[in-house]
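S.K.: This structure is in structure tokens; I'll ask about it shortly.
The values are calculated or read from the model by the stated rules, or taken from the named source; none is laboratory data. Predicted, not measured: the structure shown is a model, and the values here were computed from it. Quick reminder, even Gly has a Cβ in these numbers, built from the backbone with ideal geometry, and neighbours come from all protein chains shown. Only protein heavy atoms, including side chains, enter the accessible area calculation; ligands, DNA and RNA are left aside. Shrake-Rupley method; radii C 1.70, N 1.55, O 1.52, S 1.80 Å.
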Amino acid sequence: MMKKKMFFAAATLSAAALIVSGCGNDKKKDVSSSQDVVWYMPKTVSNLSHQAMVEEAANRLIGEKLDVRLKFKLIDSSMYDQKMNVIVSSGESYDICFTTSWTNNYFKNVKQNAFLDISGLLDEYGKDIIEKSDKGLLEKMKMNGKLYAIPSQNPFATPTANTLKKELVEKYNFDYKNAHTLRDYEPWLEQIKKNEPGITPILSIEAPTNKRYNDDSIPGLRYDEQEGKFVKYFDIPEVIDDLRTRNDFYKKGYFAKDAATQKDYLTEAKSGKYAVMQCSYYTEDGSKSTATYGFECVDSFVSPGLITTPGVMVAMNAIGINSKHPEKAMQLLNLIWKDPEISNTLAYGVEGVDYQVDTKNTAEKTVIPNTGDSQKWAMWHNWLGPLWDQWNSSWNSTESLKEMQYNNEHSETSSIFGFIFDSTPVKTEYSQVSAAYSEFKDVLENGAMPDFDEYMTKVNTKFQSSGIDKLLEEANRQLEQWKKEQK
């Protein structure tokens, strides 16, 4: 998700219009009277002024195989959850919507009867989706034997890692490949703090993931693989040790003083003023992070990934319960999964306008998407559904896609994968604990509290009054019931 730069001349846009509309002898099917399928989606970038152009190009491809016209209704990502709540509550008719555990909440929508059970539609019209989905995934994502959304292809087992600015790693000869704890980074962070006045050591930093505790679908709780039950997040000794270390780092000036209040993370990261940043996806050569941040990076591996239910639910698409033509919606989704030309056009846009083809790479089609102010269209492949068919590009190379697939196939899976918590019986406590976690999250992650023990007392008191004990009891009750049903 990169900021945009404007440099297209009128002649370029005129040429683009010709690309979209076709030449005089073009006999492609006229799809102007085809059935509209409305798809709600969060905006990927703020300025998507090429939407009509891209839709027209994609609909010409779609129209050759299906009597359907796709129409995106894009909502600012910060408002997507709120606006979808209004749309669902009003009973508005739409066909497809993007849903996850983090926005337009899948669990809540299923409970509100907002989504259609697509099990039968998928069997009849979704053969390519079934064939391309990870083995057994669709069956495991059912609720009460029914499927309400299609999980996208995704790197489900993303390793935990940190992205480091390469020039600072090399300057101080930091052995980042053997840095596995927060304390392992400290000698290097101390050198940067002392010798690099224009650099703040940490924008964001990850600690190792303890595979004993996993699955973050319930606020304030984690599943203890060893004990076979949910426990309170702040009762885990490793969590408290990690948070205490962060507080120590904050006091030493390794975090920015305003770290807990910064909102525009990507702009900060791209400024080059930090040594340690979030790693969006680990690659051994740091190429993905370099493309994301715009300067040379390396990725410091912290711990392997684990496949969990929330990790699978990071991007899904559902058909609205009031859709007037759900069959067409499923046919369209299946066609997007089936046809890489269509999925890549929807993602990258129009060739020569939204992206260029690297003519130097003749072995494989390589796409160079516009960046900065010139980026007027972008739609993430995994939000559409099929990620592995993505053309080789600076977004994801073919090699990195293969690496993601390999990790999915060879990573461990949570022992409670497929367990979906129903918050209905404790919806008040669930909401209150979620709000409490949101209230404290930024300060905790950045260690930005004057007195650690005093602050943690405040956190635990708030969680207790929010009803975390009742939430814990209900989570373990449902877990035991789910375990019985698996036998």
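S.K.: Out of the residues in segment 196-216 that are open to solvent by 60 Å² or more (accessible area, probe 1.4 Å) and of a type in the set (Asp, Glu), which is nearest to the chain's Cα centre (by Cα)?
M.R.: Only one residue fits best here, namely Asp216.
S.K.: Okay, next question. For segment 331-345, does any single residue satisfy the condition of being open to solvent by less than 40 Å² (accessible area, probe 1.4 Å), in contact (Cβ under 8 Å) with a residue 60 or more places away in the chain and in contact with a strand residue (DSSP E or B) (Cβ under 7 Å, 6 or more places away or on another chain)?
M.R.: Scanning segment 331-345 turns up at least one residue that is open to solvent by less than 40 Å² (accessible area, probe 1.4 Å), in contact (Cβ under 8 Å) with a residue 60 or more places away in the chain and in contact with a strand residue (DSSP E or B) (Cβ under 7 Å, 6 or more places away or on another chain).
S.K.: With modelled with pLDDT of 95 or more, in a helix (DSSP H, G or I) and of a type in the set (Ser, Thr, Tyr) as the only criterion, which of Tyr148, Tyr185 stands out?
M.R.: On inspection, the qualifying residue turns out to be Tyr185.
S.K.: Taking the criterion of being part of a helix (DSSP H, G or I) and among the aromatic types (Phe, Trp, Tyr), would at least one residue in segment 371-379 satisfy it?
M.R.: To start, the set of residues in segment 371-379 that are part of a helix (DSSP H, G or I) comprises 372-374.
Imposing the further condition that a residue be among the aromatic types (Phe, Trp, Tyr) reduces the set to none.
For segment 371-379, residues part of a helix (DSSP H, G or I) and among the aromatic types (Phe, Trp, Tyr): absent.
S.K.: Now for a separate question. For a quick check of your reading of the model, give me the residue pairs whose first member lies in segment 210-234 and is within 13 Å of Phe421 (Cα to Cα), whose second is of a type in the set (D, E, K, R) and open to solvent by 60 Å² or more (accessible area, probe 1.4 Å), with beta-carbon atoms closer than 8 Å and at least 6 apart or on different chains.
M.R.: These pairs meet every condition: Arg222/Asp216; Tyr223/Lys229.
S.K.: Can I ask one more? Just checking, which of Lys257, Lys263, Lys270, Lys251 is within 23 Å of the chain's Cα centre (by Cα), within 30 Å of Pro450 (Cβ to Cβ) and charged (D, E, K, R)?
M.R.: Going through Lys257, Lys263, Lys270, Lys251 in turn, just one is within 23 Å of the chain's Cα centre (by Cα), within 30 Å of Pro450 (Cβ to Cβ) and charged (D, E, K, R): Lys263.
S.K.: Of the residues that sit in segment 139-159 and are closer than 11 Å to Val110 by Cβ and charged (D, E, K, R), which one is most open to solvent (accessible area, probe 1.4 Å)?
M.R.: Ranking the qualifying residues of segment 139-159, first place goes to Lys146.
S.K.: Given the condition in contact with a Pro (Cβ under 7 Å, 6 or more places away or on another chain) and of a type in the set (A, V, I, L, M, F, W, C), answer yes or no: does some residue in segment 188-205 qualify? It would help to see each step written out before you state the result.
M.R.: Going residue by residue through segment 188-205, those that are in contact with a Pro (Cβ under 7 Å, 6 or more places away or on another chain) are 189, 192-193.
If we keep only those that are of a type in the set (A, V, I, L, M, F, W, C) too, we end up with 189, 192.
Yes, segment 188-205 contains a residue that is in contact with a Pro (Cβ under 7 Å, 6 or more places away or on another chain) and of a type in the set (A, V, I, L, M, F, W, C).
S.K.: Here's another thing I want to ask about it. Please enumerate the residues belonging to segment 361-396 that are touching a helix residue (DSSP H, G or I) at 6+ places or on another chain (Cβ under 8 Å), polar (S, T, N, Q), surrounded by fewer than 20 Cβ atoms within 10 Å (Cβ to Cβ) and in contact (Cβ under 8 Å) with a residue 60 or more places away in the chain.
M.R.: Ser394
S.K.: Tell me the residue from Ala157, Ala161 that is assigned to a loop (DSSP other than H, G, I, E, B), in contact with a strand residue (DSSP E or B) (Cβ under 6 Å, 6 or more places away or on another chain), of a type in the set (A, V, I, L, M) and more than 30 Å from Ala57 (Cα to Cα), please.
M.R.: After applying the criteria, what remains is Ala157.
S.K.: If you don't mind, another one. Is it the case, given these coordinates, that Asn210 is in contact with a Ser or Thr (Cβ under 7 Å, 6 or more places away or on another chain) and within 24 Å of Trp102 (Cβ to Cβ)?
M.R.: no
S.K.: Suppose the filter is aliphatic (A, V, I, L, M), crowded, with 19+ Cβ neighbours inside 10 Å and not in a helix (DSSP H, G or I); does Met449 pass it?
M.R.: When the stated conditions are applied, Met449 passes them.
S.K.: Scanning segment 275-302 for residues that are touching a Ser or Thr at 6+ places or on another chain (Cβ under 8 Å), of a type in the set (S, T, N, Q) and open to solvent by 10 Å² or more (accessible area, probe 1.4 Å), which turns out farthest from Ile218 (Cα to Cα)?
M.R.: Among those residues, the one meeting the criterion is Ser287.
S.K.: Working only within segment 455-485, note down all residues that are loosely packed, with under 12 Cβ neighbours inside 10 Å and either farther than 20 Å from Asp422 by Cα or touching a residue at least 60 places away in the same chain (Cβ under 8 Å) (or both).
M.R.: Thr457, Thr461, Ser465 - these are the residues of segment 455-485 that are loosely packed, with under 12 Cβ neighbours inside 10 Å and either farther than 20 Å from Asp422 by Cα or touching a residue at least 60 places away in the same chain (Cβ under 8 Å) (or both).
S.K.: Can you name every residue in segment 380-416 that is of a type outside the set (A, V, I, L, M), assigned to a loop (DSSP other than H, G, I, E, B) and out of contact with any strand residue (DSSP E or B) (no Cβ under 6 Å at 6 or more places or on another chain)?
M.R.: Answer for segment 380-416, where residues must be of a type outside the set (A, V, I, L, M), assigned to a loop (DSSP other than H, G, I, E, B) and out of contact with any strand residue (DSSP E or B) (no Cβ under 6 Å at 6 or more places or on another chain): Trp380, Gly385, Pro386, Trp388, Asp389, Gln390, Ser394, Trp395, Asn396, Ser397, Ser415.
S.K.: Return a yes/no flag: does segment 171-184 have any residue that is within 20 Å of Trp39 (Cα to Cα), open to solvent by less than 40 Å² (accessible area, probe 1.4 Å) and not aliphatic (A, V, I, L, M).
M.R.: Within segment 171-184, not a single residue is within 20 Å of Trp39 (Cα to Cα), open to solvent by less than 40 Å² (accessible area, probe 1.4 Å) and not aliphatic (A, V, I, L, M).
S.K.: Answer yes or no as to whether Glu473 is at pLDDT 95 or above and in a helix (DSSP H, G or I).
M.R.: yes
S.K.: May I pose another question? Starting from residues that are part of a helix (DSSP H, G or I) and either among the small types (Gly, Ala, Ser) or open to solvent by 20 Å² or more (accessible area, probe 1.4 Å) (or both), keep the ones in segment 125-137 and report whichever is farthest from Ala291 (Cα to Cα).
M.R.: Selected residue: Tyr125.
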